[in-house]
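The next block holds one structure in the form of structure tokens; read it before the comments.
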Amino acid sequence: MRILITNDDGVNTLGIRVLAEWAKKLGEVTVVAPKVEQSAKSHAIDFIRPIEAKQVPFIDGVTAYSVDSTPADCIRFGILGLKKDYDLVFSGINKGVNVGADVVYSGTIGAVFEAAKLGVKAIAFSSFPEEQVEAAKELDKVYAYILENKLLEQNRIYNVNIPANAKGIRITCQGTSYFSDGFVKLEEENMYAQVGEPIPDDKPEDLDRDTVAIHNGYISVTPLMETRTNMELFEKLRVNNAK
């Protein structure tokens, strides 16, 4: 099996190294990851300027490239630039969970959407800050669960969040927004910083939500969709148009 790995924290961070080390047992691993942190860049690509991409030292047995752009561009370079075929894409292990409505901002998630767009099934992995090593210990269990339940045969993209010392695995849906939003004015003239703190889900007893499951000690596995079309409404309106 050929596996492409990226992240949004940067090529030299811990989470991607523990993920790549684990993935070596599954097959041939290529890492293509951002030169610097690209958190919250979502599915952005940069076609305005030339992009630096170069091979860099990494762990034994893994070929790695540093790309001075977004996670989605890393996927594009790994597939289109290197002209290689892959069986699976992994993104992560992110330093911070990617859950709820806030996944729309995540570069970790943007990468797996780009992989699916280019025809490769993909899984995003995230954990709480400073828990990537503990999360990596659960990867055998998570991957076995995915295979046993034939999840990749039923959907192309999954978002997996792993707390340390997990109680088990739950299939989840997205919860509500995970972070509060705000701006703080800085001392420097005309300068502001965006700030936010984790907030509880509005249905804190609903373990079917990723935002709730992870805080109750469960690994959340959420199937995501590529299309942004409201298919239920589309079918309804299409029928009306035919009348």
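Each value in this text was obtained by applying a stated rule to the coordinates, not by laboratory testing. Fair warning: this is a prediction, and the values are worked out from it, not measured in the lab. A quick note on method: Cβ atoms are made from the backbone with ideal geometry, for glycine too, and the neighbour counts reach across all protein chains shown.
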- Item | lysines with Cα under 25 Å of LYS141, excluding same-chain neighbours fewer than 8 positions away | LYS24, LYS25, LYS95, LYS121, LYS150, LYS167
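With charges only on Cβ, +1 for K and R and -1 for D and E, what is the dipole size of the chain about its Cα centre, in debye, rounded to 20?
My answer is approximately 1020 debye.
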- Could you tell me the distance between the Cα centroids of region 170-195 and region 3-78, to the nearest Å? 26
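What FRET efficiency comes out for the pair GLU153/VAL195, r = Cβ-Cβ distance, R0 = 41 Å, nearest 0.05? Display every interim value, and only then the final one.
Numbers: r = 42 Å, r/R0 = 1.02.
Using R0 = 41 Å, I get an efficiency of 0.45.
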- Quote the convex hull volume per residue of the chain, based on C-alpha atoms, as a whole number of Å³. 179
- Item | Mean residue ellipticity (222 nm) of the chain, computed from DSSP H runs ≥ 4 via -39,500 (n - 2.57), nearest 500 | -6500 deg cm²/dmol
- Task: Would you list which aspartates and glutamates come within 12 Å of LYS35, measuring only between C-alpha atoms, while excluding same-chain residues fewer than 8 positions from it?
- Result: ASP8, ASP9, GLU52, ASP68, ASP73
- Note on the structure: Cα-based Rg and Dmax for region 89-162, in Å, come out at 11.9, 32
- Note on the structure: Quotient of Cα radius of gyration and Kirkwood radius for region 133-243, i.e. Rg/Rh, equals 1.13
- Query: Put a dot 7 Å past each Cα toward the Cβ at ARG228 and ASP206; how far apart are the dots in nm?
  - Reply: 2.3
